1. Exactly one condition in (1) in contact with a strand residue (DSSP E or B) (Cβ under 6 Å, 6 or more places away or on another chain); (2) closer than 23 Å to residue 191 by Cβ is false for residue 167; which is it?
2. Quick one: count up the residues across segment 418-440 that are under 22 Å from residue 473 (Cα atoms) and not in a loop (DSSP other than H, G, I, E, B).
3. Would you be able to say whether some residue in segment 467-487 is closer than 16 Å to residue 450 by Cβ, surrounded by fewer than 21 Cβ atoms within 10 Å (Cβ to Cβ), modelled with pLDDT of 95 or more and touching a strand residue (DSSP E or B) at 6+ places or on another chain (Cβ under 6 Å)?
4. So, in segment 531-547, exactly how many residues are under 20 Å from residue 501 (Cβ atoms) and assigned to a loop (DSSP other than H, G, I, E, B)?
5. Residue 307 - would you say it is in a loop (DSSP other than H, G, I, E, B) and surrounded by 16 or more Cβ atoms within 10 Å (Cβ to Cβ)?
6. Residues that are buried (at least 18 other Cβ atoms within 10 Å of the Cβ) and part of a helix (DSSP H, G or I): does segment 384-398 have at least one?
7. Which is within 25 Å of the chain's Cα centre (by Cα) and not assigned by TED's automatic domain parsing to the domain that holds residue 682, of 575, 520, 571?
8. Suppose the filter is touching a strand residue (DSSP E or B) at 6+ places or on another chain (Cβ under 9 Å), in a loop (DSSP other than H, G, I, E, B) and under 30 Å from residue 365 (Cβ atoms); does residue 407 pass it?
């Protein structure tokens with residue numbers, strides 16, 4: 001067991017993403033120098049530098065193993081960690097709690113605190129190591145500013161996961177372990193470099209761990225089965241090989257001829273399944289449950305692996321020995337007494353209906369012990385609990401204040417409009433919104449815009465175009481990031497007592513090119529937005545486009561560039577007094593979307609589920625002195641054409657009797673009508689069609 005790590009194997013330590021289920025086998029990346037090509041191409045001498053650095057670290061490891069470790073186990077080494085979440089507004093933008101859970105799993109595994117360590121095979125129970133390394137989220141950033149140890153950067157490079165992504169943000173590697181969380185990790189679940197690989201000065205720009213979001217921690221987008229990936233990668237980062245040796249190919253007979261340079265891990269071919277009784281290479285039993293295997297049942301490091309990692313942490317190779325120094329722990333705010341430097345909190349629902357409970361969660365950092373909350377207008381109005389629950393009954397916008405303390409100092413924060421309370425019951429029917437009387441922006445007491453990726457563009461009120469006026473809501477998508485998701489949530493509406501409702505709206509959209517397939521989704525909620533049900537989808541490559549592709553910024557110039565959207569499948573159990581709806585836009589790098597004239601009506605004598613049809617039109621729309629109904633008769637038939645107001649009340653019968661085949665244009669009596677919204681109802685061949693129009 002004396003064979004050393006080979007350079008080609010050490011340069012390819014990465015766990016590949018399983019192709020299917022959680023118990024699918026891992027396979028390692030075999031692309032060699034790919035992750036370091038930026039630094040090695042054109043610099044052949046650096047490959048030799050890597051070989052020498054690895055050889056030197058191996059000598060130091062042997063010497064350390066033969067000497068005395070002055071620090072031992074018991075959380076003696078503390079490593080400052082920073083998570084850089086690189087996201088594009090998608091699920092990869094994981095929560096702070098998921099990052100903290102990843103730290104928890106890491107600390108359990110490195111300090112023999114994991115619940116399953118004593119379930120390893122009996123032959124290895126006496127080898128289970130308390131490695132004695134504690135990982136802490138940084139409390140101070142490189143400039144000495146207060147931090148949670150979690151950064152967020154929006155970029156499409158989350159889908160690349162390579163060096164270009166790392167270049168977006170990296171903190172000094174002699175002070176922090178950098179962990180980049182992303183949507184794609186170069187075809188792997190995670191990858192890193194061993195200390196010798198990045199020992200050169202150029203290694204400072206790439207040193208760290210890249211990790212898929214769904215292999216980070218055990219909660220959120222990840223799960224328990226994927227949670228040990230970071231443990232495995234940290235093992236590599238502190239100079240461990242795989243149990244079968246320095247290759248990325250487990251299960252091969254030739255692996256018996258190499259070793260991982262750890263005396264108490266039996267030689268093995270390597271495992272991609274949890275065969276705890278597996279034996280290979282002449283061993284009585286392999287250490288299948290080791291963190292450096294691919295068995296999906298990893299539970300332990302050995303004492304030999306502990307010694308090897310301690311040797312790397314005491315070496316100057318890649319600055320590992322500076323990370324846990326007392327001076328660095330002070331600089332990074334990761335001492336036992338981290339500074340209390342910021343007050344912060346989360347709200348489970350920032351927009352609620354009157355009478356609904358609101359859960360506040362303290363996020364102050366670091367380690368507060370006292371809290372003083374102020375909730376003007378809420379019940380209770382004050383609290384000293386860490387995570388209080390408050391109820392607001394009256395509609396409005398509410399400010400919340402928090403002062404957190406640790407016995408020697410306090411920090412405070414105030415959030416305006418921390419909670420917006422909507423009325424229950426909501427607005428009665430008929431209800432309409434033309435966006436004409438809102439001022440300069442959407443009314444925050446009625447409309448909510450969610451922009452989870454903090455994109456430069458999202459839903460906003462526009463005075464540049466409208467279907468029935470000069471105002472509408474614009475989703476600025478031209479130049480927006482592909483994959484961005486934005487939401488526009490409407491107010492509460494009282495649909496109780498209705499037997500059926502129909503929602504209509506006008507929309508205008510253009511693709512930039514034929515490859516754009518942006519999505520507009522309409523959702524309904526029967527509990528004030530606590531949960532949502534998808535009711536209809538519009539596709540950029542289908543029913544969302546209202547004009548031909550336009551490479552320039554799209555702005556609808558006339559009513560012909562708008563189409564009518566109709567939602568008729570709002571189910572009876574959604575006819576409640578706190579009904580809400582929302583539009584969700586998923587960008588595929590197309591052009592802008594415009595929404596106007598949203599209307600919700602009760603029954604107007606329409607029994608056909610497909611009653612509202614844009615084939616029947618009124619021109620011009622809006623109308624003032626004159627207007628005409630335009631329709632196409634496939635054949636001569638009896639028709640009935642009626643004029644209705646917004647409540648569905650009959651204003652006038654326009655025509656009743658036979659109508660000839662072919663295109664028809666029928667005058668509407670609009671001069672005597674007051675300004676407002678009206679409907680034309682056409683009944684023919686047992687079907688009902690309805691068209692909406694506006695009179696100015």
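The values are calculated or read from the model by the stated rules, or taken from the named source; none is laboratory data. All of these numbers come straight from a predicted model, not from anything done at the bench. Cβ atoms come from the backbone with ideal geometry, glycine included; neighbour counts cover every protein chain shown.
1. Going through (1) in contact with a strand residue (DSSP E or B) (Cβ under 6 Å, 6 or more places away or on another chain); (2) closer than 23 Å to residue 191 by Cβ one by one, residue 167 breaks only (1).
2. Number satisfying all stated conditions: 6.
3. yes
4. 2
5. So residue 307 does not fit the description; no.
6. Checked against the condition, which is being buried (at least 18 other Cβ atoms within 10 Å of the Cβ) and part of a helix (DSSP H, G or I), segment 384-398 yields no hits at all.
7. When all the criteria are applied, what remains is 520.
8. The answer is yes for residue 407.
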